[in-house]
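As structure tokens, the structure follows; a few thoughts come after it.
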Ligand SMILES: [Zn+2]
């Protein structure tokens with residue numbers, strides 16, 4: 001078997017044992033002597049080999065977890081987000097694990113906290129600032145995430161809602177019912193590299209459309225005079241000319257929407273390029289309220305917008321008319337039941 005060496009550092013010493021090679025000889029032919037170049041090289045080689053093994057194991061585990069998250073929507077551990085709790089989801093799919101009684105778990109809405117998450121998204125979508133939401137939650141005495149889960153948050157005061165707690169909830173895609181793993185902190189603008197389950201893995205607390213809309217609202221900058229600009233139809237409008245999502249755009253003291261068809265001040269615009277497409281929000285709301293009145297009696301602009309979002313609808317805006325379509329369809333298909341044709345009427 002192995003010979004041993006003694007590596008001394010200060011007053012501490014560690015015995016190094018090398019396993020015997022196939023022929024029954026220790027690879028160092030004796031005690032390892034770190035002053036000996038050949039022995040040092042041998043130790044470095046063994047070190048590199050074990051490091052490679054660690055890297056390979058890491059790669060295998062991460063690849064497997066990514067597939068489990070994407071394909072199976074598997075819950076891969078970590079604390080459940082505020083609004084959810086963990087429930088049993090049957091025996092583990094791996095038989096060896098199932099045999100010793102390991103169970104799968106999944107997220108399920110927590111009856112106590114889930115309504116608060118839905119409320120937070122609804123408030124955000126109606127244009128309330130993140131700070132305003134935190135204030136309202138504190139005023140109503142709603143327990144904040146760290147107070148609900150004291151055991152996991154001994155380092156937090158549990159004193160109340162902050163800007164950060166509310167913002168963290170509003171940007172967590174797991175509330176759409178999909179399992180998301182490997183979400184990188186600090187890469188706010190991109191979802192590249194995230195493992196997102198293809199199918200819903202647990203009950204959603206917010207629809208996909210509402211979640212996306214909440215992110216658009218989040219991107220809106222506060223104005224210099226501190227006033228809040230609300231764009232009710234943010235994320236719902238598509239340009240009738242180029243199908244791009246229309247930008248929220250403040251014109252003459254009013255909310256409006258604009259499409260520049262892919263051109264901006266950094267790109268020279270050809271003379272024959274279409275003019276910017278601009279629409280006033282109040283005109284659009286009037287038009288939509290009137291045209292949707294047969295299917296939905298909207299009590300307020302907020303109610304109308306909630307109806308559009310709840311039904312996964314989008315609005316294609318041409319120069320003088322608009323058409324309601326299913327948000328996941330690129331083109332309005334004529335004659336579809338899901339589509340409500342709006343009569344052409346001049347706007348602008
Ligand atoms: Zn356009």
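The values are calculated or read from the model by the stated rules, or taken from the named source; none is laboratory data. Remember, predicted model here, so these are calculated numbers, not experimental data. Here the Cβ positions follow ideal geometry from the backbone for every residue, glycine too, while neighbour counts run over all protein chains shown.
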Return the pairs, sorted by first residue and then second, in which the second residue is surrounded by 10 or more Cβ atoms within 10 Å (Cβ to Cβ), the first residue lies in the stretch 39-61 and is in a helix (DSSP H, G or I), the beta carbons are less than 6 Å apart, and the residues are 6+ apart or on different chains.
-> 39/28; 39/32; 39/33; 40/34
Which one of these does residue 166 not meet: (1) under 25 Å from residue 62 (Cβ atoms); (2) at pLDDT 75 or above?
-> (1)
Filter the stretch 236-250 for residues that are at pLDDT 90 or above, within 24 Å of the chain's Cα centre (by Cα) and in a strand (DSSP E or B); the one that is farthest from the ligand (Cβ to nearest atom) is 237
For the stretch 251-278, what are the residues that are within 16 Å of the ligand (Cβ to nearest atom), in a strand (DSSP E or B) and under 30 Å from the mean Cα position of the chain (by Cα)?
-> 256, 257, 258, 259
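Here's the yes/no breakdown for (1) under 19 Å from residue 238 (Cβ atoms); (2) crowded, with 20+ Cβ neighbours inside 10 Å:
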site: 303; (1), (2): no, no
site: 308; (1), (2): yes, yes
site: 312; (1), (2): yes, no
site: 317; (1), (2): yes, yes
Residue pairs within 6 Å by beta carbon, gap of at least six or interchain, first lying in the stretch 239-266 and in the same structural domain as residue 327 (by TED's automatic domain parsing), second outside any strand (DSSP E or B) and away from the ligand (no atom under 14 Å from the Cβ), listed first then second, are 248/231; 248/234; 250/229; 255/231; 255/281; 256/281
